[in-house]
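**Student:** One structure coming up, written as C-alpha cells, with questions to follow.
Every number in this text was worked out from the coordinates using simple rules, so none of it is lab data. A quick note: this is a predicted structure, and the numbers were derived from the prediction, not measured. Glycine also receives a Cβ, built like all others from the backbone with ideal geometry; neighbour counts cover every protein chain displayed.
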C-alpha cells in the first residue's frame with residue numbers, strides 16, 4: 001500500500017501540473033481542491049480562510065487524497081494489465097472526486113463542474 005500511496009502522490013502531482021496549465025490558459029477557473037478546502041474550512045471555523053491558507057489546505061488535501069486513492073488502487077483485482085487498470089482507476093477517481101465526491105455545497109459543485117467540463 002505504501003508504494004500505491006507514493007504512486008498516488010506522483011499522479012496527483014502530475015494532475016496538478018495539468019490543472020496549473022489549464023489555469024494559466026484560462027480554462028480552469030477556481031482550483032477545485034482549493035474550493036473544497038475553503039468550504040470545509042469555512043464550515044469548521046465559521047469564517048472563510050485567508051487565500052494563502054486556502055491554497056495550503058487545498059494542496060495538503062489534494063496530496064492526501066491522491067495518496068489514499070493510490071493506496072486503494074493496490075486493492076483492485078488484477079484482472080487486466082496495470083496500464084489499463086491504472087487508467088481506469090484514474091478516470092474513476094477523477095470523475096468521482098469532482099462530481100459525486102464533491103461536498104454538496106452549490107458553490108463547490110459549480111467550480112468542480114467547471115473543472116471537469118473545461119477539457120471538453
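**Student:** Fewest first, what order do 80, 15 take by the number of other Cβ atoms within 10 Å? Please list the in-between numbers first.
**Tutor:** On the way: 80 12, 15 16.
Sorted ascending by nearby Cβ count, the order is 80, 15.
**Student:** Based on the Kirkwood radius over alpha-carbon pairs, what is the Stokes-Einstein translational diffusion coefficient of the stretch 1-89 at 20 °C with 1.002 mPa s viscosity, in µm²/s? Kindly include the intermediate steps, with their values, before the conclusion.
**Tutor:** Details: Rh = 14.3 Å.
Calculated translational D: 149 µm²/s.
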